[in-house]
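The values are calculated or read from the model by the stated rules, or taken from the named source; none is laboratory data. If you're wondering where the values come from, they're calculated on a predicted model, not measured in any experiment. No Cβ is skipped: glycine too gets one built from the backbone with ideal geometry, and neighbour counts run over all protein chains shown.
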Amino acid sequence: MAHVLAVDIGGTKLAAALVDEEGSASRSGTRPTPRTDVMTALAALIEEVTGDEVPAVAVGVGCAGPLDLAAGTVSPVNMPSWRGFPLRDEVRKVTGLPTVLAGDAQCFALGEHWLGAGRSSDSLLGIVVSTGIGGGLVIDGAPLLGPTGNAGHVGHMSIDPYGERCTCGGRGCVEHYASGPNLVRWALANGWTPEGDPAKADARLLAEAAVTREPVAVAAFERGARALAGMIASTAAAVEVSTVVVGGGVSAAGKVLFEPLERALDDVAGLAFVRSVRVRQSTLGVRASLAGAANLAWQTFASASRP
Ligand SMILES: [Zn+2]
């Protein structure tokens, strides 16, 4: 059976797998992302996964953004050694195969749509809530990438035009309210201290505190959930998604995030097609982006496998 090579590149980890048209991975591998010379490490990983012969018909690559799909270049925020790096051409050189590139959050959305929590829906928004907030859209089964490949950057949708300045330069972005570090920042500023030591504060401890109904922790998640709900309702109104899949480290908080999110969405959404949006927790977790990169390769180069 034909395979594509899927590659997922993040600030902490590189992953690759050979994936068939059904979504089964035959060979896979991971390694830590080095601080410099990432491409050498990536080439070694690709060789390890593909073996001596390259049995794949195409390559799909998901990479942390921002990126420029027209040029095939990436400049991941958390990988300073890559600025305008010609990733698509470099992977093509290493593999000799047709190569397609997309953002890692777009691949997350595509992966959840293909094999995960969004399987039953034609159109979905995937959101990755962790250090930042990433997003990707699948509309009528196909990824919505945009001219330079940056469509779906929902973390930087403004949900408050009078809000605080965001690190992106914008104002009132949902990321400034709902990402892990921003949930923690707000909780600390409002009197929450984990086990008496502010230095230990992170989103996981904040979630544990919310589970025990610590009031500031609960309020932090309610505030973050309300920001997410505003963004979700706006996105649904713009492009009519029926499902929203939420992943990333903060989604592991579970009920303390998803219950206030459902309530807030019920409050902010008005039109019937917006109100009918279903919110689901990711089922693929860290494997979603890799699955999406494989699906992107199949969607882009399907004809290559059917001579
Ligand atoms: Zn922003």
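Of note:
- Candidates 237, 252: the one that is under 20 Å from the mean Cα position of the chain (by Cα) and in a helix (DSSP H, G or I) is 252.
- Counted as qualifying within segment 1-115 are the helices (runs of 4 or more DSSP H) with 1 or more residues that are under 24 Å from residue 247 (Cα atoms) and polar (S, T, N, Q), namely 104-115.
- Selection within segment 151-167 - of a type in the set (Ser, Thr, Tyr) and either surrounded by 14 or more Cβ atoms within 10 Å (Cβ to Cβ) or not assigned by TED's automatic domain parsing to the domain that holds residue 138 (or both): 158
- Taken as a whole, segment 179-186 holds at least one residue that is part of a loop (DSSP other than H, G, I, E, B), touching a helix residue (DSSP H, G or I) at 6+ places or on another chain (Cβ under 8 Å) and within 16 Å of the ligand (Cβ to nearest atom).
- Residue that is nearest to the ligand (Cβ to nearest atom), among those in segment 142-165 that are part of a strand (DSSP E or B) and in contact (Cβ under 8 Å) with a residue 12 or more places away in the chain: 158
- Condition check for residue 111: within 11 Å of the ligand (Cβ to nearest atom) and farther than 18 Å from residue 228 by Cβ: no
- Every test in (1) over 27 Å from residue 100 (Cα atoms); (2) out of contact with any His (no Cβ under 9 Å at 6 or more places or on another chain); (3) buried (at least 20 other Cβ atoms within 10 Å of the Cβ) is passed by residue 296 save one, and that test is (1).
- Failed criterion for residue 170 (all others in (1) among the small types (Gly, Ala, Ser); (2) surrounded by fewer than 23 Cβ atoms within 10 Å (Cβ to Cβ); (3) more than 16 Å from the ligand (Cβ to nearest atom) hold): (3)
- Of the set (1) surrounded by fewer than 20 Cβ atoms within 10 Å (Cβ to Cβ); (2) outside the structural domain of residue 12 (by TED's automatic domain parsing), all apply to residue 89 but (2).
- Residue 70 falls short of the stated requirement of being in contact (Cβ under 8 Å) with a residue 12 or more places away in the chain, under 27 Å from residue 137 (Cα atoms) and crowded, with 20+ Cβ neighbours inside 10 Å.
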